Amino acid sequence: MTLPQTYLQTGWGDSVDDVDMEDVSWAISETIEMDDEHGVFWVGIFVGDFEVTLEAKKDLTVTGIFNEDEDENVEAKFANWIEIEELYKVFLTKDFDQVRATLKAR
């Protein structure tokens, strides 16, 4: 059994391995309908011995966690879910520098 390279976890308890944009779109649509407490999901990508995570909350806040050092966490507020979906497209290509730059520019 091999470990997935990517996973998606939701605040309401669902999870998906080997994530693609269809999974992210599903999580966004569910998050929009979810209550504030559970309205969150995140995607993790394993890169060598560490994990990079991008978390989206119902209030359109996105946090990038680029290593275990909390100083590397970058949080930003987005205008709409379309912008967040576009960010996840970049994230799934593993262009973490672009994701970090997008978050910092907000």
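The values are calculated or read from the model by the stated rules, or taken from the named source; none is laboratory data. Since the model is a prediction, treat every value here as computed from it, not as a measurement. Every residue, glycine as well, gets a Cβ built from its backbone with ideal geometry; the counts of neighbours run over all protein chains shown.
Rundown of residues vs (1) over 13 Å from LEU92 (Cα atoms); (2) loosely packed, with under 11 Cβ neighbours inside 10 Å; (3) within 13 Å of the chain's Cα centre (by Cα); (4) of a type in the set (Asp, Glu), yes/no style:
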residue	(1), (2), (3), (4)
GLN5	no, no, no, no
ILE32	yes, yes, no, no
VAL43	no, no, yes, no
THR53	no, no, yes, no
LYS57	yes, no, yes, no
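Does LYS104 satisfy the criteria of being more than 18 Å from GLN5 (Cβ to Cβ) and either among the aliphatic types (A, V, I, L, M) or in contact with a helix residue (DSSP H, G or I) (Cβ under 9 Å, 6 or more places away or on another chain) (or both)?
Details: more than 18 Å from GLN5 (Cβ to Cβ): yes; either among the aliphatic types (A, V, I, L, M) or in contact with a helix residue (DSSP H, G or I) (Cβ under 9 Å, 6 or more places away or on another chain) (or both): no.
For LYS104, the condition - more than 18 Å from GLN5 (Cβ to Cβ) and either among the aliphatic types (A, V, I, L, M) or in contact with a helix residue (DSSP H, G or I) (Cβ under 9 Å, 6 or more places away or on another chain) (or both) - is not met.
What number of residues within the range 95-106 are farther than 11 Å from LEU54 by Cα and either in contact (Cβ under 8 Å) with a residue 12 or more places away in the chain or not charged (D, E, K, R) (or both)?
The initial filter retains those residues of the range 95-106 that are farther than 11 Å from LEU54 by Cα, namely 95, 97-98, 101-102, 104-106.
From what is left, the residues that are either in contact (Cβ under 8 Å) with a residue 12 or more places away in the chain or not charged (D, E, K, R) (or both) are 98, 101-102, 104-106.
Of the residues in that region, 6 qualify.
Criterion first (part of a loop (DSSP other than H, G, I, E, B) and crowded, with 18+ Cβ neighbours inside 10 Å) does VAL19 satisfy it?
Working: part of a loop (DSSP other than H, G, I, E, B): yes; crowded, with 18+ Cβ neighbours inside 10 Å: yes.
It is true that VAL19 is part of a loop (DSSP other than H, G, I, E, B) and crowded, with 18+ Cβ neighbours inside 10 Å.
Within the range 38-72, how many residues are assigned to a strand (DSSP E or B) and either modelled with pLDDT of 95 or more or not aromatic (Phe, Trp, Tyr) (or both)?
In the first step, residues of the range 38-72 are kept if they are assigned to a strand (DSSP E or B); the result is 40-47, 50-57, 61-65.
Subsequent filtering for residues that are either modelled with pLDDT of 95 or more or not aromatic (Phe, Trp, Tyr) (or both) retains 40-45, 47, 51-57, 61-65.
Here the count works out to 19.
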